[in-house]
1. Counting only residues that are surrounded by 12 or more Cβ atoms within 10 Å (Cβ to Cβ) and among the β-branched types (Val, Ile, Thr), which one in region 4-17 is nearest to Ser72 (Cα to Cα)?
2. Of all residues in region 18-33 being closer than 25 Å to Val94 by Cα and not β-branched (Val, Ile, Thr), which is surrounded by the fewest Cβ atoms within 10 Å (Cβ to Cβ)?
3. What are the pairs with Cβ atoms under 7 angstrom where one residue, in region 119-141, is closer than 15 Å to Val106 by Cβ and the other, located anywhere, is among the aliphatic types (A, V, I, L, M) and surrounded by 12 or more Cβ atoms within 10 Å (Cβ to Cβ)? Sequence gap at least six, or different chains.
4. With the requirement that a residue be within 19 Å of Met76 (Cα to Cα) and of a type in the set (Phe, Trp, Tyr), what does region 37-52 give you?
5. State whether one or more residues within region 50-70 are more than 13 Å from the chain's Cα centre (by Cα), not acidic (Asp, Glu) and not in a helix (DSSP H, G or I).
6. Is it the case that Ile44 is within 15 Å of the chain's Cα centre (by Cα), closer than 21 Å to Lys4 by Cα, at pLDDT 95 or above and of a type in the set (Val, Ile, Thr)?
7. Among the residues of region 81-118 satisfying the criterion of being without any contact (Cβ under 8 Å) to a residue 40 or more places away in the chain and of a type in the set (Ser, Thr, Tyr), which is surrounded by the most Cβ atoms within 10 Å (Cβ to Cβ)?
8. Of the residues that make up region 82-95, is at least one more than 30 Å from Ala121 (Cα to Cα) and among the aromatic types (Phe, Trp, Tyr)?
Amino acid sequence: APQKVIEEFYNQTWVHRYGERILPTTLTTLWSLSVAIFSVGGMIGSFSVGLFVNRFGRRNSMLMMNLLAFVSAVLMGFSKLGKSFEMLILGRFVIGVYCGLTTGFVPMYVGEVSPTALRGALGTLHQLGIVVGILIAQAAG
């Protein structure tokens, strides 16, 4: 399970830095922070949608926000190499901001470019895709 892999990474990082195993309470706190920080980032991102759309437009905002996805991937991807659980947590926060922003941008943009007769149906497909993806992920374990 991903939790065990990440907790082992946290423990290895802790041992590398401090020469002792991480306390179970600290490990639980770090794991909880790792899980929750994504939602915090998503909340901040979703509240920021209006700022970006009004300033840069829907299409340009979506294009610019892909940089956040790249930065997040770099942070999380190199966290093991850098022996830094902080990079992993920061990467999850950044991808949370990205997800919050794109969850607002995409339906707006789809609504703009869709034919009037299909606007409602196409506007819901983005959220339907997210929900189906979560369902498949939960079913797969």
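1. Ile6
2. My answer is Ser32.
3. Close Cβ pairs satisfying both conditions: Leu122/Val110; Gly123/Val110; His126/Val106; His126/Val110.
4. Phe38
5. Yes, the conditions are met somewhere in region 50-70.
6. no
7. Ser114
8. Yes, region 82-95 contains a residue that is more than 30 Å from Ala121 (Cα to Cα) and among the aromatic types (Phe, Trp, Tyr).
The values are calculated or read from the model by the stated rules, or taken from the named source; none is laboratory data. Just so it is clear, the structure is predicted and the values come from calculations on it, not from any experiment. Glycine also receives a Cβ, built like all others from the backbone with ideal geometry; neighbour counts cover every protein chain displayed.
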